Amino acid sequence: MDRRKFFGVTAGGIAATLLTKTNLHGIALPFDQDVKFQPDYLPFAPGVPPAPYQFPKDFRWGSATAAYQVEGAWKADGKGESVWDRFAHTVGKIKGAATGDVACDSYYRYKEDIALAKSLNLTSYRFSISWPRIQANGTGPANPKGLDHYKRVLEELHKANIHPLVTMYHWELPQALEDKGGWPNRDTAGYFADYANILVKSLGDQVNTWCIFNEPNIFTWLGYGTGIHAPGRTDWNDFMKSTHVVNLAQGQAFRAIKAATPKAEASSAVTMADCIPRSSSEADRAATDRYEAYRDFWFFDPALKGEYPKPLATDELLQSMGVRPGDMEVIRVPLDFIGINYYDRCVCFAADANGPAKVDTQQGEQGPKTENGWEVWPDGYYNLLTKVNARYKPKAIDITENGCAYNDVPDEKGEVPDERRIAFFRGYIGAVARAHKEGVPIRSYNAWSLMDNYEWAEGYSQRFGFVFVDFRTLKRTVKQSGKWYAQLAATGKLS
Ligand code: FCB
């Protein structure tokens, strides 16, 4: 199942019959769904190439990775087992039976990776900390070896003059906590707050920007709803409960960060979509509003507005999620920025499925597709950025992820000519430029990803990096797109 399709359960195949290529914005498009992508056909939908744009000098250009996807060393230095270790070691869960046991070996090669980022002129480096490296079983005293590792990583970044953007949780729940009930268990919020407290107390002098959760809307749903990600459970109620516990954890962690380091900034990174109704029917529009409430706002509204977004949040749903008096006060915190991961837009329609959401989704079908089948449609990104800005009026927005899978490999000269990735980034950064020009306070762009890595249930089958990784030798080779991005990072000039 496409992991982006997360309230939906039916196959996207019906898309072709139900969605014409002209009906969304009433615009005729040069692409036919079946036509293979031509590199000289740039996907600047709907037909507007990005205008040249000069980003300000202090705009940060960076990349993003996550511990499980790059570190390997899954048992080194006292690290405990995470739900992803367990899941990836379970037969039948991951394409090609791939695991993150070695991944890119970045636990040992972090100096090389930071040197690569430096060579690409990056000024921001988003990475995550593996919880079971710090607390093998998710509770109790910290493992000094785990902390020392991240101290060294941070030291290296500071030496290179690169701003660390540190994610506390990119999906590595210690398996011992899953055994106690995982995220649907309210106690997990307290355990997480303790972990956050350890991190700020030990690393707080080296970190100014914390990203508390990565994609809380995804790991709860795919982990407890559809089961296609760790820990692989499939229960609608557990999924919705887990979202509330994560919101509680976010509030508590934010307070822990501010108590120890008042000057530090903290928020989370939510993967948002440009949500559009499949038809103009009342039913599809209402379904879109319910979907969007979950997909885009479920983890920012409670923090910033003190309530779950309607129309999805009915009294009945909140009750089934276990919301108690006083919870919303714990959850409500003034997050310092909005972290946005963006990959796709979602075409929504009413469906008699999926509990209270009663909505299904499909991909947009107007743009060309990346190699893993995600639609390329930069205008959706612009729409989303302006919508989020209007809703929260944030002080700052960090683009915490955005990227594409194309599986280009080195040619006979050893170069990786990945023009499609360059085209993708020109289009998407063009959308960021448009929003920025109109006053949306975007201050950094962290591309997914610095290098090819372990793509969760897809194993090593999807390459998202600026740097090619040969997974047999672990050799890194900067792709043409990496060189292109290095230029942009050096000059801030998109052309
Ligand atoms: C995001 C994840 C990230 C990576 C990209 C492709 O959903 O946060 O770890 O897998 O997708």
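The values are calculated or read from the model by the stated rules, or taken from the named source; none is laboratory data. In this text the structure is predicted, and so the values were computed from the model without any measurement. Methodologically, a virtual Cβ is constructed for each residue, glycine included, from the backbone with ideal geometry; neighbour enumeration extends over all protein chains shown. Just so you know, the surface numbers come from the protein's heavy atoms only, side chains and all, with ligands and any DNA or RNA stripped out. Shrake-Rupley method; radii C 1.70, N 1.55, O 1.52, S 1.80 Å.
In this simple spin-label approximation, residue 282 and residue 180 carry label points 7 Å from Cα along the Cα→Cβ vector, and these lie 4.9 nm apart.
Nonpolar atom fraction for the stretch 244-326, defined as the carbon and sulfur part of the 1.4 Å probe accessible area, stands at 50 percent.
Kindly identify the stretch 81-213 as rounded, prolate or oblate by the Cα gyration tensor criterion: order the square roots of the eigenvalues as a ≥ b ≥ c, call it rounded if a/c is under 1.5, otherwise compare a/b with b/c, prolate if a/b is larger, else oblate. In terms of gyration-tensor shape, oblate. Residue separation of residue 259 and residue 97 scaled by 0.36 nm, minus their Cα-Cα distance, works out to 54.0 nm of gained length. Percent of Cα-Cα pairs more than 14 Å apart in the stretch 180-243, please. Value for the stretch 180-243: 61 percent of Cα pairs lie more than 14 Å apart. Screening the chain for DSSP H helices whose Cα atoms reach 27 Å or more along their own axis and whose mean Kyte hydropathy is at least -1.0 gives 236-260.
Each label was represented as a point 7 Å from its Cα along the Cα-to-Cβ direction; for residue 316 and residue 329 these points are 3.0 nm apart. If the label point is 7 Å along Cα→Cβ of residue 490, which residues in the stretch 154-176 have backbone nitrogen under 18 Å from it? Zone members listed by number: 161-162.
A straight chain from residue 483 to residue 89 at 0.36 nm per residue would run longer than the Cα-Cα distance by 138.2 nm. Counted residue by residue at 0.36 nm each, then reduced by the alpha carbon distance between them, the extension gain from residue 411 to residue 391 reaches 2.6 nm. If you model the chain as an ellipsoid using its alpha carbon gyration tensor, with each semi-axis the square root of five times an eigenvalue, the axes come out at 30, 29, 22 Å, biggest first. Spin-label pair residue 115-residue 58: with each label point 7 Å from Cα along the Cα-Cβ axis, the two points sit 3.3 nm from one another. Over the C-alpha atoms of the stretch 198-307, the Rg to Rh ratio, Rh being the Kirkwood estimate, stands at 1.06. Surface exposure of the chain, expressed per residue as accessible area with a 1.4 Å probe, stands at 36 Å². Classified by the C-alpha gyration tensor, the stretch 137-184 has an oblate form. Its axis ratio a/c, with a ≥ b ≥ c, is 1.5 or above, and a/b does not exceed b/c.
Most simply put, the chain has about 25% antiparallel DSSP beta bridges, counting only bridges with both residues inside it. Under the criterion of Cα pairs below 8 Å and six or more residues apart, the relative contact order for the chain equals 20 percent.
Most tightly packed first, judged by the mean number of other beta-carbon atoms within 10 Å of their residues, the peptides 52-58, 478-484, 92-98, 245-251 read 245-251, 478-484, 92-98, 52-58. Most tightly packed first, judged by the mean number of other beta-carbon atoms within 10 Å of their residues, the peptides 459-468, 72-81 read 459-468, 72-81.
Hey, any idea what % of the stretch 51-190's accessible area is carbon plus sulfur with a 1.4 Å probe? Carbon and sulfur atoms account for 52 percent of the accessible area of the stretch 51-190.
For the stretch 413-483, the carbon plus sulfur part of the accessible surface works out to 49%, probe radius 1.4 Å.
Stokes-Einstein diffusion of the stretch 339-488 at 4 °C, 1.567 mPa s viscosity, Kirkwood radius from Cα pairs, rounded to a whole number: 77 µm²/s. Sorting the segments 402-409, 314-321, 364-371 by their mean number of nearby beta carbons within 10 angstrom, highest to lowest, gives 364-371, 402-409, 314-321.
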